[in-house]
Amino acid sequence: MESYDARYKKALIKEHSKIFDSNKSIIESAVEKLNECPVCKNKQYKIYCVKDLFVHKKCTNCGLVYLDPKLSREATLAFYNSEVNEIYNEKKFHQLVENAPDDLENYSNYKIIKKYISDIKGKRLLEIGPGKGTFLAKAASDGFEVHAIELNKSLIEKLKKITNHIYTDDLENINVAENFFDVIYFRDVMEHIDVPVPFLKKVHKILKPGGVLLIDTHNIESLVNKATKEYHTVIFPFEHPLHWSPDSLNYACSSVGFIKNNVFFDHHYQTLARIVEYLYHPSFTFIFPPQRSKFFTFILGRMEWILSKGKVKRIDDKFSIFISKLFGKGAKMQMLFTK
Ligand SMILES: [Zn+2]
């Protein structure tokens, strides 16, 4: 049997050929052109990067990074139901790994929320896209009444062990009373939402006045993203039409009425070693990385070797975290808003 990586790449190339024809021209019926920032409607932009022919723009007003043209609604749905996702989910959700990095992020985010909620018992908490339900299970065991929005059928079955309150449709379509939830949380979701303002409006509507919203997403202004651009895993046009920073996310959330309370960063994963790794071994989300000169490849290889050595590695780890904290440029961010 072919390796996981080979199967994944083959499936991804197949999906790419549904968006770009053999002459590298975009297939108009598979995409939608925006020609403006999907948050602030500004038409001015700079090119952030081009990856596998997909153009990513950066709004000169609010700083949002957006894919333009983006996949049409049908093309997006087709991708989520494609072989690519099936192969990916083998690793992501269906392996029983305790305390995977995803789990640890969820636990740490749960701690943030707990600090803002005094009396948990009976408080209503909604998680959008809970995956295998690590966060939700923790919140439920602490006494929250937990609710979930999840579209993936096999995950829904797993979540039923945690709660009966599962909505199996997009947020915009679910029927929930206004001012219903005390807490709303979602992690690694915001970058998937192609039309963010109506989405955030609905979140605002169903959150109680005084309620807490915690959004966890990657920070496109982080040091590692700035240094690696299209080489970074998160630049994945099939699934991530948007990329946020503290400023652009605050702009979007404020525009629907949220009040920014705090922003937290995860300062790990920002080392020089990590940057070299991304450049030297293009990630699984890069289908056709450009050919590089032998010289540059050689330099990267030597750098990777040097940075893996005990003492150098320790200095790299410490110094990177120091710089990241100093400038507030963590790779992941958790933004806390209130209504
Ligand atoms: Zn904008």
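The values are calculated or read from the model by the stated rules, or taken from the named source; none is laboratory data. Values in this document were obtained by computation on a predicted structure and should not be read as measured data. Every residue, glycine as well, gets a Cβ built from its backbone with ideal geometry; the counts of neighbours run over all protein chains shown.
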Given (1) free of Cβ contacts under 8 Å to residues at least 24 places away in the same chain; (2) within 16 Å of the ligand (Cβ to nearest atom); (3) among the basic types (Lys, Arg), index of the condition LYS111 fails = (2)
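Only one of LYS46, LYS57 is within 16 Å of the ligand (Cβ to nearest atom), of a type outside the set (Val, Ile, Thr), surrounded by fewer than 18 Cβ atoms within 10 Å (Cβ to Cβ) and assigned to a strand (DSSP E or B). Can you tell me which? Give the steps one after another, and end with the answer.
Numbers: LYS57 fails: surrounded by fewer than 18 Cβ atoms within 10 Å (Cβ to Cβ).
Just one listed residue meets the conditions, LYS46.
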Quick one: how many residues across the range 297-339 are in contact (Cβ under 8 Å) with a residue 40 or more places away in the chain and outside any helix (DSSP H, G or I)?
-> 12
Going through (1) at pLDDT 95 or above; (2) among the acidic types (Asp, Glu); (3) assigned to a helix (DSSP H, G or I) one by one, ASP103 fails only at (1)
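Conditions tested, residue by residue: (1) of a type in the set (D, E, K, R); (2) touching a residue at least 40 places away in the same chain (Cβ under 8 Å).
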position: LEU159; (1), (2): no, no
position: LEU171; (1), (2): no, yes
position: ALA177; (1), (2): no, no
position: VAL183; (1), (2): no, yes
position: ASP188; (1), (2): yes, yes
position: ASP194; (1), (2): yes, yes
position: LEU207; (1), (2): no, yes
position: HIS218; (1), (2): no, yes
position: ALA227; (1), (2): no, yes
Please work out which one of (1) surrounded by 16 or more Cβ atoms within 10 Å (Cβ to Cβ); (2) within 15 Å of the ligand (Cβ to nearest atom); (3) more than 22 Å from GLY129 (Cα to Cα) is the condition TYR66 fails and give its number.
-> (3)
Being farther than 16 Å from ASP103 by Cα, in contact with a Phe, Trp or Tyr (Cβ under 8 Å, 6 or more places away or on another chain) and of a type in the set (A, V, I, L, M, F, W, C) is the filter here, so list the residues in the range 125-150 that pass it.
-> LEU125, LEU126, ALA148, ILE149
